[in-house]
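Visitor: The structure under discussion is supplied below as structure tokens; questions concerning it will follow.
We did not get these values from a lab; they are worked out from the coordinates using the rules stated. Since we're looking at a predicted model, the values are computed, not measured. We place every Cβ from the backbone using ideal geometry, glycine too, and count neighbours over all the protein chains shown.
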Amino acid sequence: MTWPEIYKAKIAKKGGLLPFILNKEKRSAGALITRLKKKLKPESKILEIGTGTGAIGALLIKHGFDVTGIDIDEEMIKIAKKSFKLFGNHNKVFVMDGNNIVSRFRENSFDCVITHGMLEHYSNEDIYLHISNQLKISPLTICVVPMKAMSPLYRSGGLGDERYLPTSYWKRLLSKNFHIQSIYGYGFKETNSIHLSEKIIRINILAKIFAPLCAFNEFWITKK
């Protein structure tokens with residue numbers, strides 16, 4: 001299946017685009033946005049690379065941020081435009097390759113760059129290039145990636161080229177060239193530790209402690 005087919009099925013399963021978006025606010029996206037609201041001022045400019053359905057970008061707009069979403073997939077952009085339109089301006093969503101951000105945007109054009117479910121598809125060398133470029137147009141980049149703890153059931157929903165690596169590997173990789181401000185974990189439902197309550201990882205200090213056991217890790221990265 002293609003990404004548009006995968007996500008159209010997920011949206012239908014949730015009962016439509018709006019329920020699909022609001023459901024994300026109850027879990028990982030909600031925790032991320034709560035942290036961002038403490039870090040950034042209202043109307044701060046955020047670029048989401050690989051915006052996909054636009055669900056996270058739409059929720060960021062809902063909470064007062066000025067969001068631009070880009071994706072290389074034209075069909076996903078059509079969905080993202082609908083998501084953004086539910087909460088704000090859909091004209092800031094467009095087709096663009098994430099490799100071209102430096103030529104398109106000026107230095108420090110944004111207050112934060114976010115990628116979700118993107119870097120696990122790349123080699124170490126390409127990850128370095130992506131993050132280096134992101135930090136040219138923003139002082140902060142937040143990268144969310146699936147982890148080794150993710151169960152085989154949930155891994156089967158990907159494209160097959162994902163690298164499911166442990167938190168320790170990502171820390172070594174990223175800290176070679178960048179400063180890691182924080183690492184937060186979320187997602188017990190997608191692991192074999194489903195007996196653990198997700199409520200505990202809505203608390204930042206516990207999200208940091210339990211990060212190695214979680215299905216996803218959220219890395220806050222700046223220049224050294």
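Visitor: Quick check on the exposure proxy: order MET96, MET147 from fewest to most C-beta atoms within 10 angstrom.
Guide: MET96, MET147
Visitor: Now for a different question. Expressed in nm to one decimal, what extension gain is obtained for the pair LYS10 and ASN100 from 0.36 nm per residue of sequence separation less their Cα-Cα distance?
Guide: Working it through step by step, the gained length comes to 29.4 nm.
Visitor: With the Cα gyration tensor of the range 97-224 giving a ≥ b ≥ c as the square roots of its eigenvalues, does the rule (a/c under 1.5 for rounded; else a/b larger than b/c for prolate; else oblate) give rounded, prolate or oblate?
Guide: Prolate, because a/c is 1.5 or more and a/b exceeds b/c.
Visitor: Among the lysines, select those whose C-alpha is under 25 Å from the C-alpha of LYS10, and discard any that sit fewer than 8 residues away in the same chain.
Guide: Reachable lysines: LYS24, LYS26, LYS62, LYS78, LYS81, LYS82, LYS85, LYS92, LYS148, LYS189, LYS199.
Visitor: A further question on this structure: Kindly state, to the nearest 0.05, the FRET efficiency for ILE200 paired with HIS121, given R0 = 35 Å and r defined as their beta-carbon distance.
Guide: On the way: r = 30 Å, r/R0 = 0.85.
FRET efficiency, ILE200 to HIS121: 0.75.
Visitor: Fully extended, how many nm does the chain gain between THR2 and LEU129 (0.36 nm per residue separation, minus their Cα-Cα distance)? Before the final figure, lay out each step's value.
Guide: Numbers: separation 127, 0.36 × 127 = 45.72 nm, distance 2.60 nm.
Stretched out fully, the THR2 to LEU129 stretch lengthens by 43.1 nm.
Visitor: With +1 assigned to the C-beta of every Lys and Arg and -1 to the C-beta of every Asp and Glu, and no other charges, what is the dipole magnitude of the chain about the Cα centre in debye, to the nearest 20?
Guide: Charge dipole of the chain: 840 debye, to the nearest 20.
Visitor: Additional query: Quick one: of the DSSP bridges fully inside the range 142-224, what percent are antiparallel, nearest 5? Working shown, then result.
Guide: Values: 14 of 15 bridges.
Percent antiparallel among DSSP bridges in the range 142-224 is about 95.
Visitor: If you average the C-alpha positions of the range 1-68 and of the range 137-178 separately, how far apart do those two centres end up, in angstrom?
Guide: Result: 19 Å between the Cα centres.
Visitor: If you don't mind, another one. So how compact is the chain: Cα radius of gyration and Dmax in angstrom?
Guide: Expressed in Å, the Cα Rg and Dmax of the chain come to 16.3, 47.
Visitor: I need SER193, SER168 ordered by Cβ neighbour count within 10 Å, fewest first.
Guide: SER168, SER193
Visitor: Counting other beta carbons within 10 Å of each Cβ, put VAL144, VAL102 in order, fewest first.
Guide: Ascending number of Cβ neighbours within 10 Å: VAL102, VAL144.
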